[in-house]
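Values in this text are rule-based calculations from the coordinates and carry no lab data. Note that this is a predicted model, so its numbers are computed, not measured. As a convention, Cβ positions derive from the backbone with ideal geometry for all residues, glycine included, and neighbour counts pool all protein chains shown.
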Amino acid sequence: MSSLGDALASGSLKAEDLGILESWRPPEPLWRVYSQAFGAAGFNGTAKGYARFSPLKRADGTIVPTMYAGTTLDVALMEIVLRDVPTPSVGFQLMLPERATEQRRVTELVLDRPLRMVDFSAIGLRRIGLDRADVIDCDSSNYPATQTLGAWAHASTGATPATTVHGIVWTSRQDDSGQAAVFFGDRLPHGVLEAQNQDQRLHAGNVDAALTRLALRLGISVVTS
């Protein structure tokens, strides 16, 4: 069992030890790759999807609505579109749906105020006795444990307005030059995130240029199917 699994099973994690970023606000707009089913600023409040910190279940079994974003376009693309590129990546061929059938879009998200976020960077994880290998650098086989950790962080921080946090932030596994974040839809104040330049396609403009640049760095080819 992993250190994370041990900590969850033993109940040794302490809510009072969580690291909280009191005024988290990136200097540039956030970037999000999203499904048209949820909309540019919409949350996924369903059990569909399988990610590091979602779906998150409350103690009563209901789902915490979540939304993912990255501090750069490269982070958003690496975390969503390019996350399954193998290691080593040279020579890999990534298949993407053609323009007419691709359901994913890209938007920029602007925060109108700083947020309180759980710190799951290497420093924040160390505070509670974990490290990146336990939570961030693990693959999808460990998602049941990381989802449980995310649900614990959510449940441990909402007793009063003073202890409420709006999500979790960490150094991206896929692109460690930026941060990834997941926001809690039941905690984020209405209107705090504004979607701008929404409905950008993967196969057009700046997004396509970024994909091409990342593919070159990875040594892969991107083809449409």
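Listing for the model above:
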{"quantity": "Between the stretch 199-225 and the stretch 12-49, the alpha-carbon center distance in angstrom", "calculated": "24 Å"}
{"quantity": "For the stretch 3-224, with +1 on Lys and Arg beta carbons and -1 on Asp and Glu, the positive-most of Leu56, Pro86, Trp152 along the dipole", "calculated": "Leu56"}
{"quantity": "Separation of the Asp199 and Ser12 label points, Cα + 7 Å toward Cβ, nm", "calculated": "5.2 nm"}
{"quantity": "Ranked Val90, Val106, criterion: other C-beta atoms within 10 Å, fewest first", "calculated": "Val90, Val106"}
{"quantity": "Separation in nanometres of the label points that stand 7 Å from Cα toward Cβ, at Val223 and Ala59", "calculated": "5.3 nm"}
{"quantity": "Cβ-defined net charge surrounding Arg83, 11 Å radius [Lys, Arg +1; Asp, Glu -1]", "calculated": "-2"}
{"quantity": "Dipole in debye (nearest 20) - the chain, about Cα centre, beta carbon charges: Lys, Arg +1; Asp, Glu -1", "calculated": "220 debye"}
{"quantity": "With eigenvalues of the C-alpha gyration tensor scaled by 5 and rooted, the stretch 3-224, Å", "calculated": "29, 20, 16"}
{"quantity": "Packing-based exposure ordering (other Cβ within 10 Å, fewest first) of Ile80, Ile63", "calculated": "Ile63, Ile80"}
{"quantity": "Positive-pole candidate from Ile220, Val165, Ala180, dipole of the stretch 3-224, charges at beta carbon", "calculated": "Val165"}
{"quantity": "Which of Leu94, Leu30 has the fewest Cβ neighbours within 10 Å, and the rest in rising order", "calculated": "Leu94, Leu30"}
